[in-house]
Amino acid sequence: MTRIVVLGPQRRPTLDTVVASLGSSIDSGGPIATVTAGWQEREPDDVELDGLLGGRSANLRLHARWLDALDRDPEYAAAELAHRSELDDLQELYLLQLDGALQALAEIARHGGPARTRAIAHSDAETVVRLVDERHLARVQELSADFAETWRPGERAAVAEHRDAVRHVLGKVSALVVAGGHVGVLLHVLRLFDVAAQVPGTVVAWSAGAMALTDRVLLFHDKAPHGPAHPEFADTGLRLLPGCVLLPHARRRLRTDDPHRLAVLASRAAPAPCVVLDDGVRIDVLTGGGLPEGTKVIGSDGRITA
């Protein structure tokens, strides 16, 4: 069993007190593996993170390892680039489908007439939206599986060398800490170097790092400078923390004063709950276990509740 501790955003860090509270589950003298690959080119800027961990961090350097593997294997690098382009095109087409389905749902919600027939039509429209989401994630998985089968990255020399090095580090640590950043990059390198297959007994993660542990990754931002966008499912995660959709910075990024919009979001994620990860939040879960009592989620009525 792996103990997973999900934290709220770390603008005001709580990581040091959380690690201290884990006590005997983390060997006080041993190293703690860290992943800051989501920071991309800032991956090495982990002095503050190391300080919060008492100088015990061992950065897996997954972003640097990825760039090194691409540099040493141009053929594989070109294949990855083409695959990324195909996934981007798939995401764009999904958003076109999603926009139409969500617009229909909104029009039905505004429509007059008998409540019973409107409720039936609204339920059917919600089903269509969920189908668009589900089929998109299935297509993403299909494309990724085809790429993995064709190119077998784990069998290519540069990737295999780095996988061995990562496995060696993880074999010596008592915990893994996964920071946030760019969730797409983070997920890619976690998969590429097979981190999920060798996690230690305790994992602490926040923001994109926590999202990467789930089975479905949702991108959302109602308050972006260019205006609100539809929340979109981007990828499947590592499935270490299945059965929930995580929403970091929820109150900063979601229009919490619009219960209808939040209700639609909850419906799209169902039966998994949308978990609100605000500042100061801590959720302790064992792999295979449910969310603890008191976890803040978005209810079916679009209101945040425990």
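Numbers for the structure displayed
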| quantity | calculated |
| --- | --- |
| Residue among V177, V183, V128, V195 that is of a type in the set (V, I, T) and over 15 Å from A37 (Cβ atoms) | V128 |
| G23 being modelled with pLDDT under 95 and either of a type outside the set (A, V, I, L, M) or in contact with a helix residue (DSSP H, G or I) (Cβ under 9 Å, 6 or more places away or on another chain) (or both) | yes |
| Positions within region 188-233 being at pLDDT 95 or above and touching an Asp or Glu at 6+ places or on another chain (Cβ under 6 Å), in sequence order | V217, L219, F233 |
| Residue check, R65 farther than 22 Å from L238 by Cβ, of a type in the set (K, R) and under 22 Å from the mean Cα position of the chain (by Cα) | no |
| Contacts under 8 angstrom Cβ, first residue in region 247-272 being closer than 14 Å to D301 by Cα, partner assigned to a loop (DSSP other than H, G, I, E, B) and of a type in the set (V, I, T), 6 or more apart | L262/T256 |
| Subset of region 161-171 [surrounded by fewer than 15 Cβ atoms within 10 Å (Cβ to Cβ) and part of a helix (DSSP H, G or I)] | E161, D164, A165, R167, H168 |
| Given (1) closer than 30 Å to L143 by Cβ; (2) free of Cβ contacts under 8 Å to residues at least 40 places away in the same chain, number of the condition L52 does not satisfy | (1) |
| Given (1) assigned to a helix (DSSP H, G or I); (2) in contact (Cβ under 8 Å) with a residue 60 or more places away in the chain; (3) surrounded by 22 or more Cβ atoms within 10 Å (Cβ to Cβ), number of the condition L187 does not satisfy | (2) |
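Yes/no per residue for (1) of a type in the set (F, W, Y); (2) surrounded by fewer than 18 Cβ atoms within 10 Å (Cβ to Cβ); (3) within 25 Å of A138 (Cα to Cα):
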| site | (1), (2), (3) |
| --- | --- |
| P200 | no, no, no |
| W206 | yes, no, no |
| A224 | no, yes, no |
| A234 | no, no, yes |
| D257 | no, yes, no |
| G299 | no, yes, no |
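The values are calculated or read from the model by the stated rules, or taken from the named source; none is laboratory data. Nothing here was measured: the structure is a model prediction, and the numbers come from that model. Every residue, glycine among them, receives a Cβ derived from its backbone with ideal geometry; neighbour counts consider all protein chains shown.
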